[in-house]
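To keep things clear, I will list the structure first and then write my remarks on it.
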Amino acid sequence: MTLPSPFWGDTTTTLYQGDSLRILQALPTASVDAVVTDPPYSSGGMTMSARQAPTSSKYVLTGTKVQRPEFCGDNRDQRSFTLWASLWLAECLRVTRPGGVLLSFIDWRQLPSMTDAVQVGGWIWRGIVPWDKTEGVRPQMGFFRAQCEYVLTASNGPMGDQARTRRVCMPGCFRESVHSREKLHITGKPVELMKRLLDILPSGSTVLDPFAGSGTTLVAARAMGMHSIGVEMSDEYASIARDRLAGTAPTTAAAAQV
Ligand SMILES: C[S@@+](CC[C@H](N)C(=O)[O-])C[C@H]1O[C@@H](n2cnc3c(N)ncnc32)[C@H](O)[C@@H]1O
């Protein structure tokens, strides 16, 4: 299988547009140090109507003024999500060097499916690091605020290669709020959070994000002096990621306020 031409690239960053499973199959074995990603969660996919709902109705608060494009691949039920995730996670394992790490976001609803898929894919599941989004998220009166998402951590076999791992003790949880101004994707992650997670790797490492969205992982990797490879299926988000990496993307506040 041959790699398609990149959608965009420079000396440190390569962005492909297409289905990550196909592009992963064409990437060389043991060619990256880490997979750091945020797949479509397919949360709420228990019923037919929930699976068909647009991503904005699942992940955007009613009354939110900023409009961002819909994204794809968020329509699976839990069984097919687990099966699909195990396919791309197995390819990610092959593409990652022995001892390399996986950091993958997920929410509480899909956490059990994702921990299964990671292990079916052949990774050693190592734990869960909560991302505390702070009190800025939607309150639930009479119940607990859904304030956290989770970063599932895993490795490709033992993590013995000390020369390629930073000898630091990473935090066990991260508190970082979402800044609407820098958020260019419906479920975009804060750049600062991604930089703090990438701090597990030495500069010069190569990071792969098979679900790049608006390119936040790639932007953070570049800021940390790392190489990165991203894949995004949606034309619109691939273009947003490209413009962001090229330094020509407007901020959400300037571009998308309605
Ligand atoms: C949760 S979002 C990632 C958001 C990203 N972390 C950011 O900060 O912008 C997941 C992305 O994966 C993309 N996607 C879904 N299925 C895909 C596939 N099979 N191959 C590549 N990208 C896919 C979606 O279009 C969406 O933009």
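The rows are residues; the columns are (1) under 12 Å from Val120 (Cβ atoms); (2) away from the ligand (no atom under 12 Å from the Cβ); (3) at pLDDT below 80.
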residue: Thr55; (1), (2), (3): no, no, no
residue: Leu61; (1), (2), (3): no, yes, yes
residue: Thr64; (1), (2), (3): no, yes, yes
residue: Gln67; (1), (2), (3): no, yes, no
residue: Glu70; (1), (2), (3): no, no, no
residue: Asn75; (1), (2), (3): no, no, no
residue: Arg94; (1), (2), (3): no, yes, no
### Message
I need a count of the residues in region 106-153 that are out of contact with any strand residue (DSSP E or B) (no Cβ under 6 Å at 6 or more places or on another chain), among the hydrophobic types (A, V, I, L, M, F, W, C) and surrounded by 18 or more Cβ atoms within 10 Å (Cβ to Cβ).
### Response
1
### Task
Only residues in region 17-46 that are more than 15 Å from Thr217 (Cα to Cα) count as the first member; pair them with residues that are away from the ligand (no atom under 13 Å from the Cβ) and part of a strand (DSSP E or B), Cβ under 6 angstrom, at least 6 apart or cross-chain, and list the lot.
Ala30/Arg97
### Whichever residue in region 220-243 is in a helix (DSSP H, G or I) and near the ligand (Cβ under 9 Å from one of its atoms) and, among such residues, is surrounded by the fewest Cβ atoms within 10 Å (Cβ to Cβ)
Glu236
### Message
Show the residue pairs meeting these rules: Cβ distance below 8 Å; 6+ apart or different chains; first residue within region 229-242 and more than 12 Å from Thr14 (Cβ to Cβ); second residue within 6 Å of the ligand (Cβ to nearest atom) and part of a helix (DSSP H, G or I).
### Response
Met233/Ser20
### Task
Determine, yes or no, whether Ser104 is more than 10 Å from the ligand (Cβ to nearest atom) and assigned to a helix (DSSP H, G or I).
no
### Query
When region 45-87 is examined, which residues are found to be surrounded by fewer than 19 Cβ atoms within 10 Å (Cβ to Cβ), among the basic types (Lys, Arg) and part of a loop (DSSP other than H, G, I, E, B)?
Lys65
#### Entry: Exclusive hit being at positive phi and not basic (Lys, Arg), set Gly230, Gly204, Gly188
Gly204
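The values are calculated or read from the model by the stated rules, or taken from the named source; none is laboratory data. Small disclaimer: the values here were computed from a predicted structure and weren't measured. Positions of Cβ are generated from backbone atoms using ideal geometry, with glycine treated the same way; all protein chains shown enter the neighbour counts.
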